[in-house]
1. Give the residues of region 13-32 that are in contact (Cβ under 8 Å) with a residue 60 or more places away in the chain and open to solvent by 40 Å² or more (accessible area, probe 1.4 Å), sorted by residue number.
2. In region 105-115, is there at least one residue being open to solvent by less than 90 Å² (accessible area, probe 1.4 Å), in a loop (DSSP other than H, G, I, E, B) and not small (Gly, Ala, Ser)?
3. What do you reckon, is residue 35 at pLDDT 95 or above and surrounded by fewer than 18 Cβ atoms within 10 Å (Cβ to Cβ)?
Amino acid sequence: MAWHNQIGREGEQAAYEFLISKGYTVRETNWRMGHLEIDIVAHEPALNRLHIVEVKTRSRADTHYDPMQSITSKKINNLVNAANGYIQFYRLPMTVQYDVMIIIGKAPDFDIHYIPNAFKPPLRRIR
C-alpha cells in the first residue's frame, strides 16, 4: 500500500475515534454514490444533526501546505451532492452540517483540528 494511502486511512481512523469520543454516532465511513464519496457520515443525537465530514490527513513534513486549500468549490459541490444522495437514499429528516477534520502527523500522535460548520452548501439556481 502506498504511504499516502496508509496515512490517509490512519487519519480517518483517528477522525472516527475523535467523533465517537464526542458522543457522535458514526453511520458510515467512505460512503460512495457513483464517483462521489463522503469520508465520514456522523449523527449528533443531541441535536438530531447529520455531519458530513471531510478528512484531510497530512504528515508533519507537509506543514507548508494548508489542507483547507484542497476544499475547492468542486469538492464542496461533490460533498453536497453526495450528502443529498445519502439523505434521499435513507430518507433522513435531519439538518445537515459540513465539517472538516485536519489530521496532522503520524499515528498514534496525530494533532486533530476539527472545523465544525466549515462551509455552507452553495445556493443553486431554480430553472
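1. Of everything in region 13-32, those that are in contact (Cβ under 8 Å) with a residue 60 or more places away in the chain and open to solvent by 40 Å² or more (accessible area, probe 1.4 Å) turn out to be 13, 18.
2. yes
3. yes
The values are calculated or read from the model by the stated rules, or taken from the named source; none is laboratory data. The structure presented is a predicted model; accordingly, all values stated were derived computationally and were not measured. Neighbour counts are summed over all protein chains in view; Cβ atoms, including those assigned to glycine, are modelled from backbone coordinates with ideal geometry. Side chains included, ligands, DNA and RNA excluded: accessible areas come from the protein's heavy atoms. Shrake-Rupley method; radii C 1.70, N 1.55, O 1.52, S 1.80 Å.
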